[in-house]
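Step one of this worksheet: look at the structure below.
What follows is calculated from the coordinates using simple rules that are stated; it is not laboratory data. From a predicted model like this one, the values you see are computed outputs, not experimental measurements. In this analysis, Cβ positions are derived from the backbone assuming ideal geometry, glycine residues included, and neighbour counts consider all displayed protein chains.
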Amino acid sequence: MIKKIILLLSFVLLMAGCSSTPQVDVKEKETITFLNYSSNGGQEATLTAMVEAFNVAYPDIIVEVETLGYADYFTQLATRVAGGSAPDVFELNIENFRAYADKGAIAKLDTSSVDISQIYPKTLTAFQIAGEQYGLPTKFSNVVLIYNKDLFDQAGVEYPTADWTWEDELAAAEKIRALGDDIYGIFRPIQTWEFYKTVAQNGGSMMNADQTTFTLNSSENVEALSMMVARINDSNVTPNAEQMGGMGDWDLFKSGRLGMIVTGIWAFGDFSANCDFDWDIAVEPGIKVNATHFFSDALVVSSDSKVHDAATKFAAFISGSGEAALLRANANWDLPVALTDEVEAAYMAITPPANKQAVFDSLNHLVMPPSLEYFNMVADELQIYLGKAVSGELTAQEALDQAQASVSSKFSK
Amino acid sequence: MKTTTQSKWIILLFLAPSLLGFIVFSLIPIVSALYLSFTSWDVIGGAPEFIGLKNYASILFSAEFYRVILNTLKYISLYIPGIIVSSLFVAIMFDRDIKGIGLFRVLLFIPVLTSWVAGSIIWRSVLSGQYGLMNNLLAIVNIDGPSWLTDKSWAMIAIVMVSIWKDLGFFSLILFGGLRGIDRSIYEAARIDGASSLKVITRITLPLLTPTLFFVLITTLVNSFQLFPQIMVMTGGGPDGATQVMVERIYTYGFRYFQMGYASALAIILLIIIVTITLIQLVLQKKWVYYE
Amino acid sequence: MNKHKLKLADKSILLILFLITLISLGPFLWMISTSFKSSGALMSIPIEWIPNEISFKSYEKIIIELPFLRSLFNSILISVFSTLLTIISASMAAFIFAKFEFKHKNVLFILFLASMMVPLQVTGIPIFIILMKLKLINSYVGVIVPTVFNVFAIFLLRQYMRNISNEFIEAALIDGASYFQIYYRIIIPMSIVPITTLIVINFMNYWNDYFWPLIILTDPKKMTLPIMLSKLNSQYATEYNTLMAGSLISMIPILIVYMFAQKYFIRGIQEGGVK
């Protein structure tokens, strides 16, 4: 037994020895660590190509890439930041950017030394705080109406156009719903993220203009929520949770049983590969006005990073260089922020969808959620009341009245 | 055994690995959590700021906390009797030396071997309302199954069912091991005395099994309070908070809202609750657990 | 007559066990069926209980496209050494708790039990910081070392060892055996039943463990199987068929360990002569 224990101990020590990375001679080279989630699920090779392109321009900077699944990414990242071992460069989406910046976890970037001239301006400002740049966007996306052409043909409905409103959408959805018990017209989820956009389409908002008080139960909001709920419970053009049967909304669309889905342009790759019917896109219809989501992911530099300059160069390359953008566009990996003519042409060339112009047209109607440090909590709280409206436990008016009271008491400044 | 000078060293030596592990990987982290529970630490920001008992006060004054406790009690009251009775039942059958029973001992253990993530994903689809396997089977016998995971009154029951499914093989095995530890000659003696099978079970088997049953009780209790992966995958705490439980809240506050101070206070409260229950169990065990 | 009655009882036991097993394994049949579906068949209505077309694509993807062998090796390495470490350390501690009296023994034991009840979600960050100070981040050792303390194993073994008669120990002491010999020659062989149980349980837990390897191992080459599988759950879509295929494959090693242990477990009882 003692022998075995000694054997075990020596093995453990041996492994401890192996675990420290061998010190290669890298005197003049700098190493940066890079943690990301968005290349997971199909784009890891594209990211590798981008890093290789970066190394052509900067041969003295070694980039160690680590990719995690989205579900675990933020838990992992928070643990590492808390433990003081944050990666030099990491990826943040717009929802989490604010929290990381406010708490001082990420560094202000000196953009004078790098080239960011090609970056689409709106995406740059999304990652600024008080005029200072804290993150460099890599890709952005919006939301469009994606429709199943085959189902439209079967129902004998005209394809959606850019001037459609909710009324046109509902009329088409009802005809498609009539095609069969298991066929549904349209899917728009009912949750906080969808709510702030939909109320904007009806002229409402979650907060007043200077973001000091909540305006959840305004008449515009109540009307919009009633319309959202009616599509599930009255016309049933949108399946309820039971009818969804634990399936995701994308899965439902891909199975060919859903006429329209309002979702992000990041679905294009998956739908191209997995839909065995024709589909195309249109600008998302609004109620009174058009409004659609804006999402973006950015690279940020840890405030603890010891290789700040190299890290900034890397972030700027992935974000603003034509090479990286072109690789991204060709891989159908969202919309690159460095929208040069060449990149735009490459992006437009990949079909389906044929009507890619709708993606660019949608850029005129972008809305953003309130920029709050505690947005996640507000979102979860509101979610509960939205759920009660969907289940019929409360009317839209009651649900939003109660949400307003609850959210204001918890989060008023 | 008596303690002598020599055995003192033995005790220390034998306890050393566990004791060291306990101090480094349990005690220090728990003490840190205790400290953090008096602060407002936001995980990704700078140093924690001391705020006294504020976290505890806001937990104890929130309706959410009591809802979560109630949810946990609901789970415990269904899960613990369910798992103990069913695994005892199976273990007693396992204890018979019938040809071919070994196969069942292996097969029934398969759910235990699955990871919670895969298990929960598969159950999410089995239990899904209209198209799920479960309701399709129930429909054969003319039962209109509920929408298990989206109906407030059924969601926790569904979680309990899945937990029992996952744990049955495990606790059957543990109890089976306990049964095997019972000296066979006692059974023989009882049989010679003409005791009925039921009497053998209630008068001999169960009393001699109490140390193992005690172990099962404590373990299932701890499991109940640490309920987490099945909730995250199957319901995410919904519908309408009906399956929100302590660890799920701790995770949400700590890593989603970045309120680690508040989350730590929740964890300390959880610790106090479980330690109290365990202490009561340890005291009560003298009344019913039989050690030779 | 008596013999016949017994057989009937045995038959009904087998029947009941068969039914319970059938219910238990129902979801697995579904899992297996899902793993052989093409992505198109996953969501078809009516549901294909048995896939119309058997597709091996998800298995191909797991074994060929993903770093399967590498992850398999990492998982085996971590699980085997963690299990060994746990069993050695826990059996030593359990021996003490079961057979020795010392001051504050019960207090210590309750402290141990209590520590089992604090969720990892809270102690995770402090443990991470400790491991970082010990320079164990991104090493296999960093994942293995925390398993040295396993209350569950100590508790199970202690419950069992308490029932080992003191006479054996006293006799051995009179024969001049050392405590270490008693532990190694008497206590361990007599506890073979709970030890094999623990080998299975711990191997399985470490095999399926997800949180620690994910946080501690940053080098993709050190990734374990569950982490590899978790990446199939991407931000917007889940490849159910691949995930199920991967979960099934990753169950095989534990199943082998279990079948081996199960035999040993029964033999241990028949030969070892508890008491």
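Taking each residue in C:23-34, count the Cβ atoms of any other chain within 10 Å of its Cβ, then average. What number comes out?
Numbers: counts 2, 12, 4, 6, 14, 6, 1, 6, 7, 0, 0, 3.
Neighbouring Cβ atoms belonging to other protein chains average 5 per residue here.
Over all residues in A:224-231, what is the mean tally of Cβ atoms on other chains that come within 10 Å of each residue's Cβ? Working shown, then result.
Working: counts 0, 0, 0, 0, 0, 0, 0, 0.
Across A:224-231, the average partner-chain Cβ count within 10 Å equals 0.
Counting Cβ atoms of other protein chains within 10 Å of each Cβ in A:43-51 and taking the mean gives 0. Taking the charge dipole of chain C about its Cα centre, with +1 at Lys and Arg Cβ atoms and -1 at Asp and Glu Cβ atoms, the residue from C:Pro27, C:Gln159, C:Leu225 reaching farthest to the positive side is C:Gln159. Rounded, prolate or oblate: pick one for chain C, where a ≥ b ≥ c are the square roots of the eigenvalues of its C-alpha gyration tensor, a/c under 1.5 means rounded, and failing that, prolate if a/b is larger than b/c, else oblate. Oblate. Distance from the Cα centroid of the stretch A:125-192 to that of the stretch C:58-73 is 37 Å (rounded to whole angstrom).
Overall, chain B carries a charge dipole of about 580 debye about its Cα centre when +1 sits on the Cβ of Lys and Arg and -1 on the Cβ of Asp and Glu, all other atoms neutral. Can you give the FRET efficiency for A:Ile350 and B:Asp144, using 1/(1 + (r/R0)^6), R0 = 35 Å, r = Cβ-Cβ distance, to the nearest 0.05? Efficiency for this residue pair is about 0.15. Radius of gyration over Kirkwood radius for the stretch C:78-161, both on Cα atoms: the Rg/Rh ratio is 1.02.
I need the semi-axes of the equivalent ellipsoid of chain A: take the C-alpha gyration tensor, multiply each eigenvalue by 5, square-root it, list largest first in whole angstrom. Intermediate results must be reported in sequence, preceding the final value.
On the way: eigenvalues 336, 132, 111 Å².
Working from the Cα gyration tensor, I get semi-axes of 41, 26, 24 Å.
Exposed loop sites, defined as chymotrypsin sites (Phe, Trp or Tyr not before Pro) outside DSSP H, G, I, E and B with at most 12 other Cβ atoms within 10 Å, are absent from the longest region of chain C, namely C:57-275. In the stretch B:201-292 the Cα-Cα distances spread across 5 Å bins starting at 0 as 3, 12, 17, 17, 14, 11, 9, 8, 5, 2, 1 percent of all pairs. For chymotrypsin sites (Phe, Trp or Tyr not before Pro), no site in the stretch A:375-411 is both called loop by DSSP and has at most 11 other Cβ atoms within 10 Å. Here the Debye sum runs over all C-alpha atoms of the stretch B:53-288 as equal scatterers in vacuum, and log10 of I(q)/I(0) at q = 0.15 Å⁻¹ comes out as -1.10.
Cα gyration tensor of the stretch B:1-129, axes a ≥ b ≥ c as square roots of the eigenvalues: rounded (a/c below 1.5), prolate (a/b > b/c) or oblate?
Values: a/c = 2.37, a/b = 1.22, b/c = 1.94.
Oblate, since a/c reaches 1.5 and b/c is not below a/b.
Modelled spin labels at A:Asp168 and B:Ile204, positioned 7 Å past Cα toward Cβ, are 8.4 nm from each other.
Of the trypsin sites (Lys or Arg not before Pro) found in the stretch C:98-144, those in coil by DSSP whose Cβ has at most 12 other Cβ atoms within 10 Å are C:Lys103.
With only Lys, Arg, Asp and Glu charged, each at its Cβ (+1 for the first two, -1 for the last two), find how big the charge dipole of the protein assembly as shown is about the Cα centre; round to the nearest 20 debye. Write out the running numbers ahead of the final one.
Values: 68 positive and 81 negative charges, 1196 e Å.
Roughly 5740 debye for the protein assembly as shown.
Relative to the Cα centre, what is the charge dipole magnitude of chain A, using +1 at the beta carbon of each Lys and Arg, -1 at the beta carbon of each Asp and Glu, and rounding to the nearest 20 debye? It comes to approximately 1140 debye. Which log10 I(q)/I(0) values does the stretch B:130-233 give at q = 0.18 Å⁻¹ under the Debye formula, counting every alpha carbon as one identical point scatterer? Debye intensities relative to I(0), on a log10 scale: -0.91. Dipole of chain C computed with +1 at Lys/Arg Cβ and -1 at Asp/Glu Cβ about the Cα centre; of C:Ser89, C:Ser38, C:Met244, farthest Cα towards the positive end is C:Ser89.
Report, for chain A, the % of DSSP beta bridges that are antiparallel, rounded to 5.
Values: 27 of 42 bridges.
The antiparallel fraction comes to roughly 65 percent.
The stretch A:302-370 and the stretch B:115-166 have their alpha-carbon centroids 42 Å apart. Points 7 angstrom from Cα along the Cβ direction at B:Ser58 and A:Gln211: gap in nanometres? Label-label distance for B:Ser58 and A:Gln211, simple model: 2.0 nm. Over the C-alpha trace of the protein assembly as shown, radius of gyration and Dmax come out as 30.1, 97 angstrom. Bridgeable lysines around B:Lys8 (alpha carbons under 29 Å apart, same-chain partners fewer than 8 residues away excluded): A:Lys3, A:Lys4, B:Lys286, C:Lys99, C:Lys103, C:Lys105, C:Lys275.
Count the net charge of all other residues whose Cβ sits under 13 Å from the Cβ of C:Gly176, scoring Lys and Arg as +1 and Asp and Glu as -1. My count for the surroundings of C:Gly176 gives -1.
For A:Asp309, neighbours were defined as the other residues whose beta-carbon sits under 15 Å from its Cβ, and their charges (Lys and Arg +1, Asp and Glu -1) total -3.
Looking only at GluC sites (Glu not before Pro) in DSSP loops with at most 16 other Cβ atoms within 10 Å, what is the longest site-free stretch of chain C?
On the way: sites that count: C:Glu48, C:Glu53, C:Glu101.
The answer is C:102-275.
In chain B, taking the dipole from charged Cβ atoms about the Cα centre, the farthest positive-side position among B:Ile121, B:Leu13, B:Thr235 is held by B:Leu13.
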